[in-house]
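Read the figures in this text as sums done on the coordinates, not as results from a lab. Here the structure is a predicted model, which is why all the values come from computation and not from measurement. Cβ placement follows ideal geometry from the backbone for every residue including glycine, while neighbour counts extend to all protein chains displayed.
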Amino acid sequence: MATGFGIIGCGMIAHFHARAIADIRGARLVAGFDTVPAAADRLAEATGCKPYYNLKEMLADPQIDVVTIGTPSGAHVQPAVAAAQAGKHVIVEKPLEITLHRCDRIIRECEKAGAVLSTIFPSRFHESSIEMKRAVDAGRFGRLTVGDAIVKWYRTQEYYDSGAWRGTWELDGGGALMNQAIHSVDLLYWLMGPVAEVRAQTALLAHRRIDVEDTAMATLKFANGALGIIEASTAVYPGYLKRIEIHGSDGSAVMEEEDLIKWDFAKKNRRDQAIRRKMSQQQSGGGGAADPAAIGHHGHTRQFQDVLKVIKNGTTPLVDGPEGRRSVEIILAIYKAAETGRAVRLPLKTDPVLKARKTGVVG
């Protein structure tokens, strides 16, 4: 019997979730819920699923085993908790939530209900990311020295004007860092290990009518002693592919979107030539650099498949709740460092109180 999926929040990202589900043998999209009936209707018309306009009614549907949540970032906690309490497994779009308190509540409620929880970071499932992680774990870089995440994207003013939640602390949780660069923040942490300290500056330089940053620069010190940077912007025309750079005493690798453009190690490996040949033949698309809809759904497909395996085997997802929480913690530390002009050490004991959020909900 096919595993039934329900989608909560039927905006743009829901259609990527639907395509991912359609590509998985043994999975089917049962229903979609949105507080805006027209959005649920559009998803239903496109996929043949059942539209729901009442969340409680959808969560009572016995055909639904797993829900994916694609509501605005600051509106993840309520549907995630409700789904867990209704006995559903939960997949949450990035970020898990916009505060550590809310992340912890989702994690706690899913654990209490015995529900599998996964935070969507499809970049971890790209073949190039896996090759880089494999090389790190094998010690091929030697002593890790530098780790960089560079996201120089472009978003028009119309993008921010298209939704009242966009560019707000209350529902977006931040700007170029929390909304766009968080995928790269997650990858950098996954590859380089825990971040011990951050210093940062943020600015709103090219957009109007938003409360958050469109440009951010942070320097990092990792727990292993390596140093790094995070550059994030939605104010770089025309927008360029994101980059992850990992460097060490014995090797370097650079990933541009899904392509490995540098793969250099002091100690050669019999697979190196094949990796270079295979990766050099790839041609990444826009990757969302200028158009948020210009992304593929194959990473989502692989992550959903990972969750289904976990449900079957009783193991842990590659990106579980605590893993999803870590990128939020790093970004909140960067925001605090930018606000105070001082270094901020991690892990954070509690949510930082940011002046920009004093009019919003912090807890």
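Between Gly288, Gly324, Gly341, the residue with the greatest mean-square fluctuation in the GNM of the chain (Cα pairs under 10 Å linked by springs) is Gly341.
Among Pro347, Pro317, Pro79, the largest mean-square fluctuation in a Gaussian network model of the chain (Cα springs under 10 Å) belongs to Pro347. For the chain, the dipole from Cβ point charges (+1 on Lys and Arg, -1 on Asp and Glu) about the Cα centre works out to 900 debye, to the nearest 20. Which residue, Tyr52, Tyr237, Tyr189, tops the fluctuation ranking in a GNM of the chain built on C-alpha contacts under 10 Å? Evaluated over the chain, the most mobile residue of the options is Tyr237. The sum of -39500 (n - 2.57) across all DSSP H runs of n ≥ 4, divided by the residue count of the chain, sets its helix-only mean residue ellipticity at 222 nm to -10000 deg cm²/dmol.
Placing a label point 7 Å from the Cα of Ile130 along the Cα-to-Cβ direction, none of the residues of segment 242-260 has a backbone N under 12 Å of that point.
State the Cα centre-to-centre distance between segment 1-23 and segment 129-153 in whole Å. Their Cα centres are 31 Å away from one another. Placing +1 on each Lys and Arg Cβ and -1 on each Asp and Glu Cβ, with no other charges, gives segment 1-111 a dipole about its Cα centre of roughly 100 debye.
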